[in-house]
Every structure is written in structure tokens, then in C-alpha cells.
Amino acid sequence: MVSTSPHAAIGVFDSGVGGLSVLRAIRAQLPAENLLYVADSQHMPYGERDPEYITRRCIAVATYLQQQNCKALVIACNTASVVAITTLREMLNIPIVGIEPAIKPAASLTRSGVVGVLATSQTVNSPGVQKLAQLYGKNVELLLQPCPGLVQCVEGAELDTPHTRELLKTFINPLLDAGADTLVLGCTHYPFVRDVIQDLVGHAVTVVEPGAAVARQLGRRLDELKLQIESDEAAAGRETFFSTGEIGDVAAVISALWGRAVAVRYLEDV
Ligand code: DGL
């Protein structure tokens, strides 16, 4: 059943811990809301799976969140959004906000006319991103760069390590050599290595991530539907974390990325 109570939680999910970069933007924008986060850790990385697999997992996790009485869903994963959002909207009776690589804002920010998009292999190859490229990439050179292995660095909390830096260089250097002055973080895991990326590219290159825009869009949808918690009721909202994977490992990484020790519950049958 879909909740129409403003006090119900907002469900947020990703293949793993990357969606926490969106969750923190939502928390900053909507401090009173209760947030329920699912990391589908057992089945990540989505970006190296086929679309049928990703869609099956998205249906399972989103259905679980709907059954938890959530009032809205955020797909905090570019790969899941570009592959499965249409199916989820058809199947589920709940407002759904997704995330996609910020090609449109990047195209208006670039001065060199060359934009690099860092994303998973599946996102880069998706019809959704090809469509964004056609719509907003006409007047710029758009370089779509798959980044296999980078999600696993973030999942292992290997943020600023020699291995992660070397891997990042292999993805970023060809973009810089081609003249890119704007880089889009087209995967929600990548904001956790944003400082390393900025350090590698220097301050003349603009790095764009859409987490805050997604949080604003969510706020607008809740307002339209009169589902936002009134700010005068504003006790701080709670966050509840779930994972489909090994809890010990995931809880340590979620706590490190979230910035405080949090409990993570195991979701066995999702
Ligand atoms: N965080 C996801 C995204 O935004 C992808 C991670 C994965 O490949 O599992 O695309």
C-alpha cells in the first residue's frame, strides 16, 4: 500500500553505498524527513550487469520499499534509473524520482566545448544516455567514459589510495588530453572520490554532480503532492539503513561514508 501520510518515510536505494551521496543531499535539503536506505550490496555492481538483471533487482527493492509504506521513492543510482525507471513507474503506484548524468548543465557550463562523462559501462551504453546526448550534446563534444572497477574502490572505502588514483588517471587523462574542461560524475559512487578527481584535474576543470538537484526535485514533488513534513513539526528526521549483503563489511563502509556509526539491518529475502 502506498502511504499518503507526510510522516511516512522516503525510500532511497542504490546497488550499494553510492546512493549515500544522494541521501546526504536529501538530508541537507529536507532535514525533517524520515529516510529509509537500501544498499543492494549482494547484487552490485549494477553497472556491469545486463539490463534484465538490473530491472529485476530494481523491481524487488522498489517493491520492498513500497511495502514498507514509503510515500516516495528515490532511485539513487544512475544505472538503475536509466535502465529501469520507466518499468518501475509503470508497475508501482508511488511517486518516483530518478537520477541521470548531468549532461544538460555540463553542456551549458563548458567553455572549451568538450565535456567528459564518467559513468558505469551500462549507463554509458544505455538508450537513455544516448537520448540525453542527442538532446543536450549537439553543440559540444561529449566523451562518454566507462569506469569499470571504480565502484568497487568506493565499496571497499578505498577513496584516496594509490590504486584508486591510478585507476582514475586511466579514465580521466584521455578526457583532459581531448580538451575536456567539464566532467560529469554520472554514477552516485563517484562523489566519494570527487576530491581526488578535483586534485587530479586541477581547479580549471569543473566537476558536476547532480545529487543536490535530485534532492530539490524530490522536495518539489513532495510539495505538489502535499506529502512534505511541515517544517514547524521539524524534529530531525531519522535514517534507517538496510543491505542485502554481508552486514559487517557494509555497515563499516556506510558508517565511514555517512560520517557516523550507524546500524545496518540485513534484508534477507529481497
Ligand atoms: N551507483 C550506481 C550509479 O549511479 C552504480 C553502481 C554500480 O555499478 O553498481 O550508476
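Just so it is clear, none of the values below were taken in a lab; they were calculated from the coordinates. Computed from a prediction, not measured in an experiment: that's the story for all the values here. Methodologically, a virtual Cβ is constructed for each residue, glycine included, from the backbone with ideal geometry; neighbour enumeration extends over all protein chains shown.
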TODO: Could you work out which residue, out of GLN66, GLN145, GLN198, moves most in a Gaussian network model of the chain, that is, has the largest mean-square fluctuation with Cα springs under 10 Å?
DONE: GLN198
TODO: Please give the net charge around GLN198, taking every other residue with its beta carbon less than 14 angstrom from that of GLN198, where Lys and Arg add +1 and Asp and Glu add -1.
DONE: -2
Task: Most mobile of THR63, THR161, THR79 in a GNM of the chain (Cα contacts under 10 Å) - done: THR161
TODO: Normalise the Debye intensity by I(0) for segment 150-270, one equal point scatterer per Cα, no solvent, then take log10 at q = 0.13, 0.17, 0.18 Å⁻¹ and round to two decimals.
DONE: -0.74, -1.04, -1.08
- [ ] State the Cα centre-to-centre distance between segment 40-55 and segment 77-93 in whole Å.
- [x] 13
Task: Convex hull per residue volume in Å³, alpha carbons only, for segment 1-126 - done: 112
Open item on the list: Under 8 Å for C-alpha pairs, at least 6 residues apart: give me the relative contact order for segment 13-157, rounded to a whole percent.
Closed with: 24
TODO: Please build a GNM for the chain, connecting alpha carbons under 10 Å apart, and tell me which residue among LEU218, LEU257, LEU109 fluctuates the most.
DONE: LEU109
- [ ] At 7 Å along the Cα-to-beta-carbon direction for both ALA256 and GLU141, put a label point, then send me their distance in nm to one decimal.
- [x] 3.8
TODO: Sort ASP195, ASP177 so the one with the fewest other Cβ atoms within 10 Å of its own Cβ comes first.
DONE: ASP177, ASP195
Task: Gain on full stretching of the segment that runs from ARG194 to SER5 - 0.36 nm per residue minus C-alpha separation - done: 64.4 nm
Task: Ratio Rg/Rh, restricted to the chain and using Cα atoms, in which Rh is the Kirkwood radius - done: 0.96
Task: For TYR37, TYR64, order by how many other beta-carbon atoms lie within 10 Å, fewest first - done: TYR64, TYR37
Task: Cα centroid separation - segment 3-37 against segment 156-204, whole Å - done: 26
- [ ] Arrange the following residues from fewest to most other Cβ atoms within 10 Å of their Cβ: SER255, SER108, SER81.
- [x] SER108, SER255, SER81
